[in-house]
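> Supplied in structure tokens, the structure appears directly below.
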Amino acid sequence: MNLLGTIHYSALFAAAYLVFLVLLAANVSRLRIQHKVSLGEGGNRDLRHAIRAHANSVEHGAPFMVALLAADFVKVSDPWILWLAVAFGAARVLHAAGMFDVGFNFRRVGAGLTLVVELALAGVIVGGV
């Protein structure tokens, strides 16, 4: 049962993840302005990491969102969609934090959890849980 009424968890999570991507993009823009770099990273380590954090989040987020919507389409149960979405979001936040010198282990755990959740989502789509 969807606790949100007519709003599907997949759509809600897609909107939340989009906000996360906008925040990462805004950070890239902030650093570009601060360091006066128009293209590339201009040799600036912080900008390079911000660009990669944003790009990596897009690289994993776009296919995950499509798959999450597919899971909704094939009627995967709401609890599965909810928990996979939350786990993916947490994994991506950990990975991004690890890119910003919070700690390499955050990045490692975030990357590993991302892959596990992506595979789990593929499994529940095929398995029709």
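> Among the residues of the stretch 89-116, which ones are buried (at least 20 other Cβ atoms within 10 Å of the Cβ), among the hydrophobic types (A, V, I, L, M, F, W, C) and more than 11 Å from the chain's Cα centre (by Cα)?
The answer is 99, and nothing else.
> Looking at (1) closer than 19 Å to residue 123 by Cβ; (2) surrounded by 17 or more Cβ atoms within 10 Å (Cβ to Cβ), which is the only condition residue 86 fails?
Going through the list (1) closer than 19 Å to residue 123 by Cβ; (2) surrounded by 17 or more Cβ atoms within 10 Å (Cβ to Cβ), residue 86 breaks only (2).
> Could you check residue 126 against (1) in a loop (DSSP other than H, G, I, E, B); (2) surrounded by fewer than 18 Cβ atoms within 10 Å (Cβ to Cβ) and say which number it fails?
Status for residue 126: all satisfied but (1).
> Just to be sure I understand, how many residues within the stretch 12-32 are more than 16 Å from residue 100 (Cα to Cα) and of a type in the set (Ser, Thr, Tyr)?
Adding up the residues that qualify gives 1.
Here, each number is a calculation from the coordinates, and none is a lab measurement. If you're wondering where the values come from, they're calculated on a predicted model, not measured in any experiment. Here the Cβ is made from the backbone with ideal geometry for all residues, glycine too, and neighbour counts use every protein chain on show.
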